[in-house]
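Trainee: Let me begin by handing over the structure; questions about it come next.
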Amino acid sequence: MPRDKTRSHQKVLEAAREEFMEYGYENASMRRIGQRCDMTAAGLYRLLLTKAQGSPYENFLHDLTQKHQDRMLSFLPMLRERGYALRPIDPQELHLLVSAYTTAMFEPVVHGYSKEEAFRCLETLEAFFLPGWKQLLGF
């Protein structure tokens, strides 16, 4: 029976996040990621890639967007119950907005920004998106 690789995948994700934050996307190293999670680079490739399936992370942003959208959709009725007069939002519209937000948050990693540049950009994203979310949802 194949073993559950969930814990290994979580270790790799954390190690990769640390690597990308420290070195940026362009300068990240599979060898260093492997060292961070006690694996060889070859072991990482075997874990993450298979000829038949590709990478289990190839839909990472889409899956993360869907997870955030689902959480938000389940959170909105609770806010309404507590008296917030929220504007109705179509799930397709919400998906578009959550996707734009999630993708924008990962751009500093994709483009190899330094930690300081990434934090500055995330502050800009917050300044841009937060008023829009508040207006859209009627806060």
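Trainee: If A42 satisfies all but one of (1) touching a Ser or Thr at 6+ places or on another chain (Cβ under 6 Å); (2) modelled with pLDDT under 85, what's the number of the condition it fails?
Mentor: (1)
Trainee: Right, here's the next one. Looking at region 90-138 only, could you name the residues that are among the aliphatic types (A, V, I, L, M) and under 24 Å from R80 (Cα atoms)? So that I can check it myself, show each step before the final result.
Mentor: Filtering region 90-138 down to residues among the aliphatic types (A, V, I, L, M) leaves 94, 96-98, 100, 104-105, 109-110, 118, 122, 125, 127, 130, 136-137.
Matches in region 90-138: L94, L96, L97, V98, L130, L136, L137.
Trainee: Can you find even one residue in region 103-118 that is farther than 29 Å from S29 by Cβ and of a type in the set (K, R)? Break it down stepwise before answering.
Mentor: From region 103-118, those farther than 29 Å from S29 by Cβ are none; that's our starting set.
Taking every residue of region 103-118 in turn, none turns out to be farther than 29 Å from S29 by Cβ and of a type in the set (K, R).
Trainee: Being of a type in the set (S, T, Y) and surrounded by 13 or more Cβ atoms within 10 Å (Cβ to Cβ) narrows it down to one residue among T124, T102; which is it? Can you show your working first?
Mentor: On the way: T124 fails: surrounded by 13 or more Cβ atoms within 10 Å (Cβ to Cβ).
From the options T124, T102, the qualifying one is T102.
Trainee: If S99 satisfies all but one of (1) outside the structural domain of A15 (by TED's automatic domain parsing); (2) polar (S, T, N, Q); (3) within 24 Å of S8 (Cβ to Cβ), what's the number of the condition it fails?
Mentor: (3)
Trainee: Which ones in region 48-83 are farther than 19 Å from T102 by Cα, at pLDDT below 85 and out of contact with any Pro (no Cβ under 8 Å at 6 or more places or on another chain)?
Mentor: Within region 48-83, L49, T50, K51, A52, Q53, G54, S55 meet the criteria.
Trainee: Here is a further query. Can you name every residue in region 27-47 that is in contact (Cβ under 8 Å) with a residue 24 or more places away in the chain and in a helix (DSSP H, G or I)?
Mentor: N27, L44, L47
Trainee: Which residues, taken from region 58-114, are in contact (Cβ under 8 Å) with a residue 40 or more places away in the chain, assigned to a loop (DSSP other than H, G, I, E, B) and within 19 Å of the chain's Cα centre (by Cα)?
Mentor: H111, G112, Y113, S114
Trainee: Residues of region 23-46 being closer than 29 Å to E117 by Cα, among the hydrophobic types (A, V, I, L, M, F, W, C) and out of contact with any Phe, Trp or Tyr (no Cβ under 6 Å at 6 or more places or on another chain), which ones?
Mentor: Within region 23-46, M30, I33, C37, A41, L44 qualify.
Trainee: When region 107-117 is examined, which residues are found to be modelled with pLDDT under 90 and either surrounded by 15 or more Cβ atoms within 10 Å (Cβ to Cβ) or charged (D, E, K, R) (or both)?
Mentor: Hits for region 107-117 are E107, P108, V109, G112, Y113, K115.
The values are calculated or read from the model by the stated rules, or taken from the named source; none is laboratory data. Keep in mind that this is a model prediction, so the values were computed, not measured. All Cβ positions, glycine included, derive from the backbone under ideal geometry; neighbour counts span all protein chains shown.
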